[in-house]
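This report concerns only the one structure given below.
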Amino acid sequence: MSYNINEKGYYGEFGGAYIPEMLYPNVEELRQNYLKIMAEPSFQKEFNALLKDYVGRPSPLYFAKRLSEKYNTKIYLKREDLNHTGAHKINNTIGQILMAKRLGKNRIIAETGAGQHGVATATVCALMGIECIVYMGEIDIARQAPNVARMKMLGATVIPAKSGSKTLKDATNEAIRDWINNPVDTHYIIGSVVGPHPYPDMVAKFQAVVSEEIQSQLLEKEGTENPDYLIACVGGGSNAAGTYYQYLDNEAVNIIAIEAAGHGVDSGESAATSVLGKEGIIHGSKTLLMQTNDGQITEPYSISAGLDYPGVGPMHANLYKTGRAEFIAITDDDAMKAGLDLCKLEGIIPAIESSHALAVFDHKKFKADDIVVLNLSGRGDKDLQNYIDYFKL
Ligand SMILES: Cc1ncc(COP(=O)(O)O)c(C=O)c1O
C-alpha cells in the first residue's frame, strides 16, 4: 500500500477535485501540466538555484542538546525558521511562481492565515515583478499585524475576509471567489496541501525538499537516513507533508502529526480536525473536516493563526484513517509553554504553530536512543505580540 497520491488524485478515499464548473479550465490546465513542468530540467535548475541562493537552503538539521537532555531522547530540529521570510512556506511559493510563469499567468492571488504564506507569496511576486493580491481574515490581520505590514511593503494588496470566523477558511473562500471571476490570467498560489487536485500533490512535492535534506543530513550525523520519529504541526499540512514525504512508505519511521486543540478538544473552541472531523468536502477536496450533523462547517479556533483551519489536507486525512500517523492534539496553553521553553533552553523563538509540535515532549515519552526529528516550521517574530500578551512580558 502506498500513502502517496494515486493517478486519479486521491490518497485512499480522500482528495479529488470537487470544484464549480467555472474553475474547471484553470484546475485542469494545472493538472495536465504540473508534473511535466516540474520535470523540465530548466524548471529544476531555476527552482533549486532559488532555494539555495534566495531561500538559503539547505536549512540546518540542528541537534538540540539541552532540549534532548530535558526529555532524555535525541531531538533534532529541522530549521525551516531560518529560511528567508521565516518559515517553510517560501519553498512552495518559489515553486508555484515558477509554475505560474510557465503557464503564462500575470496575476497572483493567495490566501493566508498566519501571514507567512502571504509574505512568502508577496516576496516571490516582488522577485518576479508580478501583481499580488492576498486575502486574509480580519481576525488574522489583527493578530499577525507584522506580517500584514511586510506584505504591504513587498507591494501586495491585502484584502480582509469579513465572513464566518474571519480567519483562514474565510480567506480561502474569498480567494476562490476571485479565481472564479478571473479565470484566464490569474494563478492561485494555495499555501498548503489543501484544495482540489493537483494542489495537494504539487505543494507536497515542492515541500519535499525538507525530507530530502533530512535524509542526507541525518545520514551524515547519525549514520542512518531514518529517524525513529518525525514530528510536525498540521494546519492544512504542508510543513508536515514536506517532513514526511520521503518517508511516507517507509514504515520503519514513525510519523506524528500535531493538531491545535485550542481551549481543549471538547471545549467547542478547537481546531483538532482528526478527532472532531468527519468526511466532507472543503475548498475543492474530499477530506476530514469539522462540521455539524447537517454538514455545515464548524468555525475552528486556535491561538495559532496558521493552525486555525477546520480541515486538513487529503494526505493527512488518509494518514489518520489508515493509522499510518499518530495524531496528537495540543492546547493553546501547552503550546505557549513549550514555545517559551524552547526560547530558554535553545535560544530559539519559535512560531506559535511550531510551538504546538514542540509540546509533544510533554505528552509522549520517547526512548533515550530514539532519534526524533521535529520540523521547526517557522520563527516567532510574527507572534511576538501574542507571546507578550500571553505571558504579560
Ligand atoms: C510557521 C508555520 N507553521 C505551520 C503552519 C501551518 O501550515 P501547514 O500545515 O500548511 O504547514 C503555518 C501556517 O501559516 C506557519 O506559518
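What follows draws every value from the coordinates through simple rules; no lab data is involved. Note that the coordinates shown come from a computational prediction; the quantities given were computed from them, not determined experimentally. All Cβ positions, glycine included, derive from the backbone under ideal geometry; neighbour counts span all protein chains shown.
General observations
- Estimated FRET transfer efficiency when R0 is 56 angstrom, pair Y24-A368 (beta carbons, to 0.05): 0.55
- Whether the range 188-277 is rounded, prolate or oblate, judged on the alpha carbon gyration tensor where a/c under 1.5 counts as rounded: oblate
- Within a Gaussian network of the chain (alpha carbon springs, distance under 10 Å), most fluctuating of P314, P25, P196: P25
- Most positive-pole-ward Cα, N250, A232, A271, against dipole of the range 208-288 from beta carbon charges: A271
- Listed peptides 291-303, 165-177 appear in the order 165-177, 291-303 once ranked by packing, highest mean of other Cβ atoms within 10 Å at the front.
- For the chain, the residue among A359, T123, Y11 whose Cα projects farthest onto the positive side of the dipole built from Cβ charges is T123.
- Ellipticity estimate at 222 nm from DSSP helix runs (n ≥ 4, -39,500 (n - 2.57)) divided over the chain, nearest 500: -12000 deg cm²/dmol
- Distance from the alpha carbon centroid of the range 97-116 to that of the range 165-186 works out to 12 angstrom.
- Hydrophobic long helices, here whole DSSP H runs in the chain with Kyte-Doolittle means of at least 0.0 and Cα atoms spread over 15 Å or more along the helix axis, are found at 116-128.
- Among the trypsin sites (Lys or Arg not before Pro) within the range 1-41, those in coil by DSSP and having at most 15 neighbouring Cβ atoms inside 10 Å are K8.
- Here the range 352-368 and the range 198-222 have alpha carbon centers that stand 21 Å from each other.
- Cys residues of the chain counted as unpaired, since no other Cys beta-carbon is under 4.7 Å: C233, C343
- Net charge contributed by nearby residues that have their C-beta within less than 13 Å of G118 (K/R +1, D/E -1): +1
- Cα gyration tensor shape of the chain, rounded if a/c is under 1.5, else prolate or oblate by comparing a/b with b/c: rounded
- By the Kirkwood approach, averaging reciprocal distances over each pair of separate Cα atoms, the range 42-191 gets a hydrodynamic radius of 16.2 Å.
- Largest GNM mean-square fluctuation among A317, A100, A252, using the chain with Cα springs under 10 Å: A252.
- Per-peptide packing, taken as the mean over residues of other Cβ atoms within 10 Å, places 73-86, 355-368 in the sequence 73-86, 355-368 from highest down.
- Put a plus charge on the Cβ of each Lys and Arg, a minus charge on the Cβ of each Asp and Glu, and nothing anywhere else: the dipole of the chain about its Cα centre is then about 700 debye.
- Average silhouette area of the range 35-93, convex hull of alpha-carbon atoms, in square nanometres: 5.2 nm²
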